[in-house]
1. Six or more apart or on different chains, Cβ atoms under 7 Å: show the pairs whose first residue is in region 13-38 and under 15 Å from Gln60 (Cβ atoms) and touching a residue at least 12 places away in the same chain (Cβ under 8 Å) and whose second is assigned to a loop (DSSP other than H, G, I, E, B) and of a type in the set (D, E, K, R).
2. Looking at Leu76, Leu36, Leu32, Leu45, can you tell me which residue is closer than 30 Å to Gly13 by Cα and aliphatic (A, V, I, L, M)?
3. Do we have any residue at all in region 24-31 that's surrounded by 15 or more Cβ atoms within 10 Å (Cβ to Cβ), modelled with pLDDT under 85, at negative phi and under 11 Å from the mean Cα position of the chain (by Cα)?
Amino acid sequence: MDREAFLWQVADGRLPPPRVAATLDDTMGPALACQLAAGEFAPTLNLNISFLKPAKPGKQRGVGRVVRRGKYVCYLSGELSQNGERDGDGAHP
């Protein structure tokens, strides 16, 4: 296995769950970022993910949504899909 493959997938060809989690977090973050005022910042406080099936290398489609925006905490949701099938769902306040 070459270095690039090692960094992006486990031995059986799946993407490592932490990579999928980071991708999902990176999908939800911009949904909120475009609603923040200049100088506002929203770190991830908690991230809950349900892995519905193993993700494989290749194109993924991510959708992030702001479910509720409070004064101090925002609740986001998102999902990743590949070839029309959902790989994982996530939410974080």
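1. Gly13/Lys56; Arg14/Lys56; Leu15/Lys56
2. Unique residue meeting the criteria: Leu76.
3. no
The values are calculated or read from the model by the stated rules, or taken from the named source; none is laboratory data. Computed from a prediction, not measured in an experiment: that's the story for all the values here. Every residue, glycine as well, gets a Cβ built from its backbone with ideal geometry; the counts of neighbours run over all protein chains shown.
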